[in-house]
Amino acid sequence: MASSPASAASEEEAVKAAKVLMVGAGGIGCELLKTLALSGFRDIHIIDLDTIEVSNLNRQFLFRQSHVGQSKAHVARDAVLKFRPNINITSYHANVKDAQFNVEFFKQFNVVLNGLDNLDARRHVNRLCLAAEVPLVESGTTGFLGQVTVHVKGKTECYECQPKPVPKSYPVCTITSTPSKFVHCIVWAKELLFAKMFGDKNQDNDLNVRSNESGTSKSDVFERNADEDLDQYARRIYDHVFGYNIEVALENEETWKNRRRPNPIYIRDTLPEEAIRQNGSSRDINNEQEEPSAMVSLGLRNPQEIWSLADNSRVFLEALKLFFEKREKEIGNLVFDKDDQLAVEFVTTAANIRASSFGIPLHSLFEAKGVAGNIVHAVATTNAIIAGLIVIEAIKVLHGDYKKYRMTYCLEHPSRKMLLMPIEPFEPNKSCYVCSETPLLLEVNTKTTKLREVIEKIIKSKLGMNLPLVMIGSTLVFEDGEGLEEDEAANYALNLEKVLAELPAPVVNDTKLTVEDFQQELSCSINIKHRDEFDEEKEPDGMVLSGWSAPVEKQVTSNGGNQSVASSSGADYADGIVEDISTKPGMKRKLDEVLELKENCDASSSAQVVEDDDDDDLVMLDENPKLAKKKRLQ
């Protein structure tokens, strides 16, 4: 760690002498960079891999329309230097997980400030800060909720000391431009396309409404021409959203350098003209009196069947036409409802067609209906409040007085006239495999499980290692990363396909694995316990890892126009009891009062989860004081 500036004559001098690393230049990051600059910080480094999207402009105030497509980190730097030209801001348009940002890089800073939106990157930064012994200030917002936590090696818990929710929420830039999962397509179909077609026409929408078709007289391609028949209108919408818009996206070559390029889909390629003319001709007579249904009209009866691209296209066109034929008076006021059969059909088929374009597996109507959920919109004020709290904690860190550190939660509704809830940090979790190096226990069938499965399901997925090295005693059985000799790489590849008991150093009951990630400077031990059988429903991985903080599925949220899908699980924290609720010197409130305040914020325990690498203002609330047994920091 760089030499502490706390020895400076005053707080002001300490701030001026500090070297700060910011990770993330999105919703929180814009507010944070501005606040740091105006608070007297003079040496700031920013890392962000994202580029600016139109949807960012309503809350990431350092960006303008002319900046769309440019690096967030670089533009944020330039914007702040215009009103603080005498400070030093270094920007990196890169992934914080890149090799250049190693432990030595982190050691030059006095404090690291996170404004990230995905669990993987957060864990990576946490581990680098631990290895470099640099304090970390974490943060997150979702709607009106927010949090700031301080993590200092040996004094407070690290970011991974307690369970984190499974990330499941997605920024709008991913939704509109680079979907990689079916849920991205569902969100696009529900929150963008359905809303544009049938919702409030005055509401902001991120869909491209301009067409290159000379025959379209209106500036908004979604407006139906007076002389346009319904079939022609439906086909035009199909070609615009699934064909032309994809072609427009493909023009940005930078986006597709490291991603699979999507395929534009036009109706002429999916359905022959005869099939289009016959679409809906098999409408069930009884359907005229019942709730309109596109699948019933087309003779499709099984909602659990995965339809072909052609069938999805037929249902999409039919659903669109039925809205105008049967429910025209509702158009302009419709909001997606998972109990609205026609709405579910429209969203499901639109999502499947888009998924087909991006090479994503299609889903059934039954599966798609289960994905849809609640939305939490971004609040720029929350980002500003959290950014201010980050700076306050950063200044405390620079002075090295850990007794003044606070974890602060921002609530949606005042409780006892309070919106901010500060509590003392907790001490490190002695069973944390990251900061306490406690051995883990893996129950696995060593006679049937391959090394590849352990690496993918346990070491990379659960433990979050990027470039793992696996040793059994003194025998190296696997290493990931660049610089390997050909024969070494080939040998490790062979080991991946071997079952554990057949490795060069056999893994059997009571074998001890040593797993390391040199990039993160993290090492942990895994004790093996052989087990013959596993419950396929309760233990789908075919192995069970003990001694780590298992993630907990929570409701999915979105932040800042970043629509997302909710999927609330019934997960409960059976042992979520705080052992010590006594009042400590310097405490703002008793812990039991704090917990009561937390419970009064009805969304604080359910709207917690996010995931995506693209938009830093979509972040997670994951530190709940009731989550686990902890002792107060002494």
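The values are calculated or read from the model by the stated rules, or taken from the named source; none is laboratory data. Since this is a predicted model, take the numbers as computed values, not measurements. Cβ atoms come from the backbone with ideal geometry, glycine included; neighbour counts cover every protein chain shown. The protein model used for the area step is the full one, side chains on, heavy atoms only, and it has no ligands, DNA or RNA in it. Shrake-Rupley method; radii C 1.70, N 1.55, O 1.52, S 1.80 Å.
Observations on the model:
- Residue count for segment 225-256 satisfying the condition of being modelled with pLDDT of 85 or more and either among the basic types (Lys, Arg) or open to solvent by 70 Å² or more (accessible area, probe 1.4 Å) (or both): 6.
To keep it simple, each residue is scored yes or no on (1) modelled with pLDDT of 90 or more; (2) touching a His at 6+ places or on another chain (Cβ under 7 Å); (3) open to solvent by less than 20 Å² (accessible area, probe 1.4 Å); (4) within 18 Å of VAL344 (Cα to Cα).
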residue: ARG259; (1), (2), (3), (4): no, no, no, no
residue: ASN263; (1), (2), (3), (4): yes, no, no, no
residue: ARG268; (1), (2), (3), (4): yes, no, no, no
residue: PRO272; (1), (2), (3), (4): no, no, no, no
residue: ILE276; (1), (2), (3), (4): no, no, yes, no
residue: SER282; (1), (2), (3), (4): no, no, no, no
residue: ASN287; (1), (2), (3), (4): no, no, yes, yes
residue: VAL296; (1), (2), (3), (4): yes, no, no, yes
residue: PRO303; (1), (2), (3), (4): no, no, no, yes
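- Restricting segment 135-159 to residues that are more than 14 Å from PRO425 (Cα to Cα) and in a loop (DSSP other than H, G, I, E, B) leaves a set whose member that is modelled with the highest pLDDT is PHE144.
- Residues in segment 326-348 that are touching a Phe, Trp or Tyr at 6+ places or on another chain (Cβ under 6 Å), part of a helix (DSSP H, G or I) and over 15 Å from GLU291 (Cβ atoms): 1 in all.
- Residue check for GLU345: free of Cβ contacts under 8 Å to residues at least 24 places away in the same chain and within 22 Å of ARG236 (Cα to Cα): no
- Scoring SER461 on the criteria (1) polar (S, T, N, Q); (2) in contact (Cβ under 8 Å) with a residue 12 or more places away in the chain; (3) surrounded by fewer than 16 Cβ atoms within 10 Å (Cβ to Cβ) leaves a single failure, condition (2).
- Count of residues meeting criterion [within 18 Å of ASN383 (Cβ to Cβ), under 19 Å from the mean Cα position of the chain (by Cα) and part of a loop (DSSP other than H, G, I, E, B)] in segment 48-67: 6
- Residues considered: LEU136, LEU130. Of these, the only one that is crowded, with 24+ Cβ neighbours inside 10 Å and closer than 17 Å to SER523 by Cβ is LEU130.
- As for segment 475-495, it holds no residue that is outside any strand (DSSP E or B), modelled with pLDDT under 85 and in the same structural domain as ARG123 (by TED's automatic domain parsing).
- One residue alone among VAL508, VAL515, VAL454 is hydrophobic (A, V, I, L, M, F, W, C), in a strand (DSSP E or B) and either loosely packed, with under 14 Cβ neighbours inside 10 Å or modelled with pLDDT of 90 or more (or both), and that residue is VAL515.
- Considered as a group, the residues in segment 89-125 that are assigned to a loop (DSSP other than H, G, I, E, B) and touching a Pro at 6+ places or on another chain (Cβ under 8 Å) include one that is nearest to GLY24 (Cα to Cα), and that residue is ASP117.
To keep it simple, each residue is scored yes or no on (1) touching an Asp or Glu at 6+ places or on another chain (Cβ under 7 Å); (2) among the small types (Gly, Ala, Ser); (3) open to solvent by 40 Å² or more (accessible area, probe 1.4 Å).
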{"residue": "GLU11", "(1), (2), (3)": "no, no, yes"}
{"residue": "LYS16", "(1), (2), (3)": "no, no, yes"}
{"residue": "ALA25", "(1), (2), (3)": "yes, yes, no"}
{"residue": "ALA37", "(1), (2), (3)": "no, yes, no"}
{"residue": "ILE52", "(1), (2), (3)": "no, no, no"}
{"residue": "ARG64", "(1), (2), (3)": "no, no, yes"}
{"residue": "ILE87", "(1), (2), (3)": "no, no, no"}
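- If only residues of segment 384-409 that are among the β-branched types (Val, Ile, Thr) and open to solvent by 20 Å² or more (accessible area, probe 1.4 Å) are counted, the one that is nearest to MET421 (Cα to Cα) is ILE385.
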